[in-house]
1. Give the number of residues within the range 85-94 that are surrounded by fewer than 19 Cβ atoms within 10 Å (Cβ to Cβ) and either in contact with a Cys (Cβ under 8 Å, 6 or more places away or on another chain) or not in a helix (DSSP H, G or I) (or both).
2. Does Leu67 satisfy the criteria of being part of a helix (DSSP H, G or I), in contact (Cβ under 8 Å) with a residue 24 or more places away in the chain, surrounded by 17 or more Cβ atoms within 10 Å (Cβ to Cβ) and not β-branched (Val, Ile, Thr)?
3. For the range 60-77, state whether one or more residues are at pLDDT below 55, closer than 28 Å to Thr144 by Cβ and not polar (S, T, N, Q).
4. In the range 148-177, which residues are modelled with pLDDT of 85 or more, on the phi < 0 side of the Ramachandran plot and assigned to a loop (DSSP other than H, G, I, E, B)?
5. Going by what's in this entry, would Leu26 be described as under 30 Å from Glu121 (Cα atoms), modelled with pLDDT under 65 and part of a helix (DSSP H, G or I)?
6. Looking only at the range 110-126, how many residues end up being surrounded by fewer than 17 Cβ atoms within 10 Å (Cβ to Cβ) and closer than 11 Å to Ile147 by Cβ?
7. Pull up the range 178-199, narrow it to residues that are modelled with pLDDT of 90 or more and in a loop (DSSP other than H, G, I, E, B), then point me to the one that is farthest from Asp60 (Cα to Cα).
8. If only one of Asn101, Asn128, Asn123, Asn95 is closer than 17 Å to Ala54 by Cα and modelled with pLDDT under 95, which one is it?
Amino acid sequence: MHRRRFGDAGQAFPIYITVVGGLLFLAFAYFAVGQASANRNDAQTAADAAALAAAQDRRDQLAGAWLQNLLDPVKWQAIFEGNADGLDLSCWRANQLAAQNDANVKSCVPDGPLSYTVVVETNDTVGNSIVPGTEDMKSQEEATAVIEPRCEFELPTEEAGEDTLPALTCEGVEWKLDPKGPEELLPQPEDLFDVHLAD
């Protein structure tokens, strides 16, 4: 009787070792997946920040162009559509924000006048794990930020006079523009344009 019990225990021990080994392998595999997921999340955060930064810089340039042409409302619509003379590329801001998030920009492309798409890669690798080849892998993610005009206006009629500026309505707020007043009382870039990540 005793010998059979010891014999049964001896047969169960290899099964126990196999089960424990399998559980440990699964635990390490889940850990490796977690490492990779965290690295991808870091890359996506950096891409989002970089794309938004580039779009915000373009928004600020467009707002500056609108301010320069405040007395020429005929040019306003083109500016609100993203077209203005003397605009610079805004990818330098994408590079700054990517670096702040421990990543670097692989590509930065304006998708038309009111959008930027940025691809970033993490500086950190996924790290050592039981999955072969992951120790040198880096994550790449992409994000697109969009600039949307928030304002509407109607050009004044000839009877109103050349010096009359149209009322500017931005998200339900009407601005009575006074070019002779302080600049602080004019709409700011965030009043003129909304910047957000593309859906």
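The values are calculated or read from the model by the stated rules, or taken from the named source; none is laboratory data. Just so you know, these numbers come straight off a predicted model, no measurement behind them. Glycine gets a Cβ as well: all are built from the backbone with ideal geometry, and neighbour counts include every protein chain shown.
1. Narrowing the range 85-94 to residues surrounded by fewer than 19 Cβ atoms within 10 Å (Cβ to Cβ): 85-89, 92.
Filter again for either in contact with a Cys (Cβ under 8 Å, 6 or more places away or on another chain) or not in a helix (DSSP H, G or I) (or both), leaving 85-89.
Total meeting the criteria: 5.
2. Details: part of a helix (DSSP H, G or I): yes; in contact (Cβ under 8 Å) with a residue 24 or more places away in the chain: yes; surrounded by 17 or more Cβ atoms within 10 Å (Cβ to Cβ): no; not β-branched (Val, Ile, Thr): yes.
Criteria not met by Leu67.
3. So in the range 60-77, the residues at pLDDT below 55 come out as none.
No: the range 60-77 contains no residue that is at pLDDT below 55, closer than 28 Å to Thr144 by Cβ and not polar (S, T, N, Q).
4. Taking the range 148-177 as the starting set, the residues that turn out to be modelled with pLDDT of 85 or more are 148-155, 165-177.
Right, trim to on the phi < 0 side of the Ramachandran plot and you get 148-155, 165-170, 173-177.
If the condition is that a residue be modelled with pLDDT of 85 or more, on the phi < 0 side of the Ramachandran plot and assigned to a loop (DSSP other than H, G, I, E, B), then Arg150, Phe153, Glu154, Leu155, Leu165, Pro166, Ala167, Lys176, Leu177 are the ones that fit.
5. Numbers: under 30 Å from Glu121 (Cα atoms): yes; modelled with pLDDT under 65: yes; part of a helix (DSSP H, G or I): yes.
When the stated conditions are applied, Leu26 passes them.
6. Total meeting the criteria: 3.
7. As a first pass, look at the range 178-199 and keep what is modelled with pLDDT of 90 or more: 186-198.
With in a loop (DSSP other than H, G, I, E, B) added as a condition, the list becomes 186-188, 198.
Working: Leu186: 14, Pro187: 12, Gln188: 9, Ala198: 19 Å.
Ranking the qualifying residues of the range 178-199, first place goes to Ala198.
8. On the way: Asn128 fails: closer than 17 Å to Ala54 by Cα; Asn123 fails: closer than 17 Å to Ala54 by Cα; Asn95 fails: modelled with pLDDT under 95.
Checking each option against the conditions leaves just Asn101.
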